[in-house]
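The values are calculated or read from the model by the stated rules, or taken from the named source; none is laboratory data. The structure presented is a predicted model; accordingly, all values stated were derived computationally and were not measured. Cβ placement follows ideal geometry from the backbone for every residue including glycine, while neighbour counts extend to all protein chains displayed. Protein only, heavy atoms only, side chains kept; ligands, DNA and RNA dropped before computing areas. Shrake-Rupley method; radii C 1.70, N 1.55, O 1.52, S 1.80 Å.
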Amino acid sequence: MGKLMADAIEAGSDATDETSLNYVISGETNLLDVEDLSSNMSRLRELFRLFEQRTGLMQLLDLSRRAQGVQIFIGNESGLSQLDACSVVTASYEVDGRVVGSVGVIGPTRMAYDRVIPIVDITARLLASALSSSA
């Protein structure tokens, strides 16, 4: 959890830097350990292509940036066929009242929502707090 928070704060700091990329994707190889996903290699390949192309994923995160609180997309609710067997939990974060990014978790549709939702929410809040105090 501590490493995840440190990575999120570093990514948030990088995102507010004008010369940096607009996104950071990390931990995607953890999906290889999820039996629901790793048992279907063609679906897993599609998912990794989505991470490489990033356009569709960025559109989904942009929806999160325009919404309040935690957003949950289960299966085809994301609008991305590559995520039909996945769920995405996202939350946006702000610096000085301006939304500057979003954080999220992608996992199987049968993930432990009761654990993931609070983690995403608190990560976004802590990230906003850390970035606001360092700005």
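For the range 61-79, taking the residues that are under 14 Å from the mean Cα position of the chain (by Cα) and part of a helix (DSSP H, G or I), the one that is farthest from S102 (Cα to Cα) is identified as S78. Considering the range 27-60, and only residues there that are part of a helix (DSSP H, G or I) and of a type in the set (S, T, N, Q), the residue that is least open to solvent (accessible area, probe 1.4 Å) turns out to be S38. Got a sec? Which of A112, A130 is in contact (Cβ under 8 Å) with a residue 60 or more places away in the chain and more than 16 Å from L60 (Cβ to Cβ)? Result: A130 is the single residue among A112, A130 that is in contact (Cβ under 8 Å) with a residue 60 or more places away in the chain and more than 16 Å from L60 (Cβ to Cβ).
Within the range 65-84, identify whether any single residue is open to solvent by less than 40 Å² (accessible area, probe 1.4 Å) and touching a residue at least 40 places away in the same chain (Cβ under 8 Å), and answer yes or no. Scanning the range 65-84 turns up no residue that is open to solvent by less than 40 Å² (accessible area, probe 1.4 Å) and touching a residue at least 40 places away in the same chain (Cβ under 8 Å).
Of all residues in the range 110-135, those satisfying the criterion of being open to solvent by 50 Å² or more (accessible area, probe 1.4 Å) and not in a helix (DSSP H, G or I) are R110, A135. When V105, V100 are checked against the criterion of being under 15 Å from the mean Cα position of the chain (by Cα) and closer than 15 Å to G27 by Cα, a single residue qualifies: V105. Against the list (1) crowded, with 16+ Cβ neighbours inside 10 Å; (2) among the aromatic types (F, W, Y); (3) at pLDDT below 85, the condition Y93 fails is (3).
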